[in-house]
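The values are calculated or read from the model by the stated rules, or taken from the named source; none is laboratory data. On a predicted model such as this, the values are computed, not experimentally measured, just so you know. Here the Cβ positions follow ideal geometry from the backbone for every residue, glycine too, while neighbour counts run over all protein chains shown. Side chains are part of the model used for accessible areas, which takes the heavy atoms of the whole protein and leaves out ligands, DNA and RNA. Shrake-Rupley method; radii C 1.70, N 1.55, O 1.52, S 1.80 Å.
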Amino acid sequence: MAKIIVVTSGKGGVGKTTSSASFASGLAMRGHKTAVLDFDVGLRNLDLIMGCERRVVYDLINVVNKEATLTQALIKDKHCENLFILPASQTRDKDALTEEGVETVLNDLVKMDFEYIICDSPAGIERGAVMALTFADEAIVVTNPEVSSVRDSDRILGIIQAKSRRAQNGGEPVKEHLLITRYSAKRVEAGEMLSYTDVQDILRIPLIGIIPESESVLHASNQGNPAIHIKGSDVALAYEDVVSRFLGEDVTLRFTSYEKPGFLHRIFGGK
């Protein structure tokens, strides 16, 4: 049975699309047939991060409006055999997304034997975001460890609990996961950033992972390379851990503590 997972956030710029790309890639790398859909109509960034922007011919709105078939619009990922991308439109308005149209697209993906369907939501609570979460079975709520981001994530959780199809039909609630991005244990130690336990205490949903702050993420995104493919990096390891936990594996949480450099290290340098 296919699972529909929305990756969402209340605040923009928290690393949500980066996380969607890496999470979807990680599932595909584990052998699961996965589709990742961009719901950010009018902006469209997922195809850039996935490195397939030059191969976009048709988009989500074309499929919703029956101007193209799903098979025509889906783009096969260059890294993963089992991963396909459905980009958003840059030229249409968000009102072009209809609940009926989105439901049809998702049902067709299920019929194509996709195991996981990742919906990359725009930030906030406008139409595209609500459409992305309406049919979700599970939600990954992405937040930075700062008060404004956490507050906005709390609001998104309220929207999921009120406006998802599961909530409207009185069914099992959407399963929620917390993903904390751009985490710096050093800054937490210095009191400049909320700790992951602070964020958990506020939002009260299970933590699926912590992604450490890293300049390599921006570099990878600019090259059209999802962060999970940055070999040997802490960020790639962190996203691999997220995928493992999502699949039910017991993985120890990493990147949560800061070790002060020793005396010789402080004298002879190094970051």
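Could you list the GluC sites (Glu not before Pro) in the stretch 163-210 that lie in coil according to DSSP, counting only those with at most 14 other Cβ atoms within 10 Å of their Cβ? The partial results should precede the final answer.
Working: sites: Glu176, Glu189, Glu192; in loops: Glu192.
When the GluC sites (Glu not before Pro) of the stretch 163-210 are filtered for loop state and at most 14 Cβ neighbours within 10 Å, Glu192 remain.
Based on Cβ point charges of +1 for Lys and Arg and -1 for Asp and Glu, what charge dipole magnitude is obtained for the stretch 126-189 about its Cα centre, in debye rounded to the nearest 20? Numbers along the way, then the final one.
Working: 10 positive and 9 negative charges, 24 e Å.
Dipole size: approximately 120 debye.
Checking the table Lys66/Lys231; Lys66/Lys175; Lys11/Lys163; Lys76/Lys163; Lys16/Lys175 against a 29 Å threshold on Cα-Cα, which pairs fail? Intermediate values should be presented prior to the final figure.
Details: Lys66/Lys231 40 Å; Lys66/Lys175 31 Å; Lys11/Lys163 18 Å; Lys76/Lys163 32 Å; Lys16/Lys175 18 Å.
Check vs 29 Å cut-off fails for Lys66/Lys231; Lys66/Lys175; Lys76/Lys163.
I'd like to check one number: the per residue accessible area of the stretch 61-199, probe 1.4 Å, reported in Å² as a whole number. Provide the component values of the computation, followed by the final result.
Working: 6270 Å² over 139 residues.
Result: 45 Å² per residue.
Contact order normalised by length for the stretch 91-229, with contacts defined as Cα pairs under 8 Å and 6 or more residues apart; what percent is it?
About 19 percent, as a whole number.
Regarding the chain, what is the average projected area of its C-alpha convex hull, in nm²?
Numbers: hull surface 58.8 nm².
If I average the Cα hull's projected area over directions, I get 14.7 nm².
Tilt of helix 99-111 relative to the longest C-alpha principal axis of the chain, in degrees (0 to 90, nearest 10)?
Here the helix axis deviates by roughly 80 degrees.
On alpha-carbon atoms, Rg over Rh for the stretch 106-176 using Kirkwood Rh? List each step's numbers first, then the result.
Working: Rg = 12.9 Å, Rh = 13.0 Å.
Looking at the stretch 106-176, the ratio lands at 0.99.
Using the Karplus equation 6.51 cos²θ - 1.76 cosθ + 1.60 (θ = phi - 60°), what ³J(HN,Hα) coupling, rounded to whole Hz, does each residue of the stretch 167-184 give in order, writing x for Gly and Pro?
5, 5, 8, x, x, 4, x, 4, 6, 9, 10, 9, 10, 9, 10, 6, 8, 10
Between Val63, Val243, Val251, where does the largest GNM mean-square fluctuation fall for the chain, given springs only between Cα atoms within less than 10 Å?
Per the Cα network of the chain with a 10 Å cutoff, Val251 tops the list.
Per-residue HN-Hα couplings for the stretch 233-242, Karplus 6.51 cos²θ - 1.76 cosθ + 1.60 at θ = phi - 60°, whole Hz, x for Gly and Pro?
Computed from phi, the couplings for the stretch 233-242 are 8, 4, 5, 4, 4, 5, 5, 4, 4, 4 Hz.
Scan around Glu176 for amide H atoms under 5 Å from its own, H built in the peptide plane at 1.01 Å from N, and keep only partners 5 or more places away or cross-chain.
Result for Glu176 returns Ala139.
So which GluC sites (Glu not before Pro) in the stretch 67-112 pass both tests, a DSSP loop state and at most 15 other Cβ atoms within 10 Å of the Cβ? Kindly include the intermediate steps, with their values, before the conclusion.
On the way: sites: Glu67, Glu81, Glu99, Glu100, Glu103; in loops: Glu67, Glu81.
Taking the stretch 67-112 and a limit of 15 other Cβ atoms within 10 Å, the loop GluC sites (Glu not before Pro) found are Glu67, Glu81.
Over the stretch 3-269, what relative contact order in percent results from Cα pairs under 8 Å that are six or more residues apart?
Working: 536 pairs, mean separation 64.0, N = 267.
Averaging sequence separation for qualifying contacts and normalising by length gives 24 percent for the stretch 3-269.
Find the centroid of the Cα atoms in the stretch 139-188 and in the stretch 1-22, then give the distance between the two in whole Å.
10
Under 5 Å between amide H atoms, partner at least 5 residues away or on a different chain: which partners does Cys119 have, H built in plane at 1.01 Å?
Ile5, Val6, Val7, Leu37
If you put +1 on each Lys and Arg Cβ and -1 on each Asp and Glu Cβ, how big is the dipole of the chain around its Cα centre, in Debye rounded to 20?
Working: 31 positive and 37 negative charges, 83 e Å.
Value, rounded to 20: 400 debye.
Tell me, what is the percent relative contact order of the stretch 30-165, built from C-alpha pairs under 8 Å that lie six or more residues apart? Each step should come with its number before you reach the end.
Details: 206 pairs, mean separation 40.6, N = 136.
Relative contact order here is 30 percent.
If all Cα-Cα distances of the stretch 126-166 are sorted into 5 Å bins from 0 onward, what percent lands in each bin, rounded to whole numbers?
Here the calculated profile for the stretch 126-166 is 5, 23, 32, 22, 13, 4, 0.
In whole Hz, what ³J(HN,Hα) sequence does the stretch 199-210 give by Karplus (6.51, -1.76, 1.60; θ = phi - 60°), x for Gly and Pro?
5, 4, 4, 6, 8, 6, 10, x, 7, 9, x, 10
With both partners inside the stretch 3-269, how many of the DSSP beta bridges are antiparallel, as a percent to the nearest 5?
Details: 2 of 30 bridges.
Once the DSSP bridges in the stretch 3-269 are tallied, antiparallel ones form about 5 percent.
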